[in-house]
1. Mind ordering 88-95, 45-52 by average Cβ neighbours within 10 Å, highest first?
2. By the gyration tensor of its Cα atoms, with a ≥ b ≥ c the square roots of the eigenvalues, what is the shape of segment 37-112: rounded for a/c under 1.5, prolate for a/b over b/c, or oblate?
3. Treat each spin label as a single point 7 Å out from the Cα along the C-beta direction, and report the Ser47 to Tyr69 distance in nm.
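Just so it is clear, none of the values below were taken in a lab; they were calculated from the coordinates. Bear in mind that the values here come from a model prediction, so they are computed numbers and not experimental data. Ideal geometry is used to build each Cβ from the backbone, glycine not excepted, and the neighbour counts take in all protein chains shown.
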Amino acid sequence: MSFHRVPLLSAGLAALCLPLLAAPAARADGLISRVATVHVSVPGVESQAQLADRLRAQGYTDVVMSSVYPTPVNPCPQSNPSWTSHPELTPVHAGWNGVASKDGQVVQVYAELPSRWN
């Protein structure tokens, strides 16, 4: 390859890559998108039914709590009735606990528990 072809090759590669550099802004809801969440501080022992009542008091509707975390194999455990049938017996656990709706948008419910090391 001669030295005269290197600038042409560089210019050609730059022309191909420029559209890719601008693509992330245009494709923001492609592979990676933001998920609406609500973080609730749980000061002590509380059941998922109590957490659901607190969310309803704050204007959330369609609150569904699940006793298991989502996984790649089971991304929507809130749709399984056996995992959502007894929120009054299920303690709130740190992290994801279920889903709720507010203003027409479904949000993921995350509980923040106090650290035992404080």
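1. Working: 88-95: 14.9, 45-52: 17.6.
Result, highest mean first: 45-52, 88-95.
2. Values: a/c = 1.43, a/b = 1.11, b/c = 1.29.
Cα axes put segment 37-112 in the rounded bin.
3. In this crude spin-label approximation the distance works out to 2.4 nm.
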